[in-house]
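The values are calculated or read from the model by the stated rules, or taken from the named source; none is laboratory data. Bear in mind the structure is a predicted one, so any value in this text is a computation, not a measurement. Each accessible area value is taken on the protein alone, full model and side chains, heavy atoms only, with ligands, DNA and RNA left out. Shrake-Rupley method; radii C 1.70, N 1.55, O 1.52, S 1.80 Å.
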Amino acid sequence: MSLSLDYVTDVKAADVDNDGDIDCVVAAQDDDQVKIFENDGSQSFSQRVVNPNVNGPRGVFIYDVDGDGSQDLLSASIYDNTIHLYLNDGYQSFSIQELTTTATGAMAVHASDVYGDGDVDVVAGRAESTPFRRPRRASRQGLRRPDVSPQQASRGSPWRLVVSHVE
């Protein structure tokens, strides 16, 4: 695979196009792009831009947010303070949604059912004084604002988020 990108800040791998092989999703901060490198099954990859207008993407994550069986994408952008959700329609056409534009210094993003309630929780890591925040929750009924306030965490810049349900 040949990369024609400047300053790749994150790479995640999963079968995004549901063809049985592993694809790569890339955040390219200096190119201001989120791209998918689609594997054709013989380890040859074609590039496709998912979002050409993201300002400084630092983190990406792959997760079936809407529960339709297709892998959706998330990105965290440090320069425009935005967490984007890219909903996959199952045919690799992605609708772009801004979950928040107030994630100052967004560097990482993760999705999981943190509370064990059946809803997908989105967690973003920030390079500011409150680095961990849950900007929105997703459920089968759609996205909604958080029902809890942002949580304080130690200062510093996150390089990776690992989320799990803790009782």
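Take residue 84: with every protein chain present and a 1.4 Å probe, its accessible area is about 10 Å². Rolling a 1.4 Å probe across all protein chains gives residue 48 an accessible area of roughly 70 Å². Accessible surface for residue 78 stands near 40 Å², nearest 10, in the context of the full protein assembly shown (1.4 Å probe).
With every protein chain in place and a 1.4 angstrom probe, the accessible-area ranking of 38, 98, largest first, reads 98, 38.
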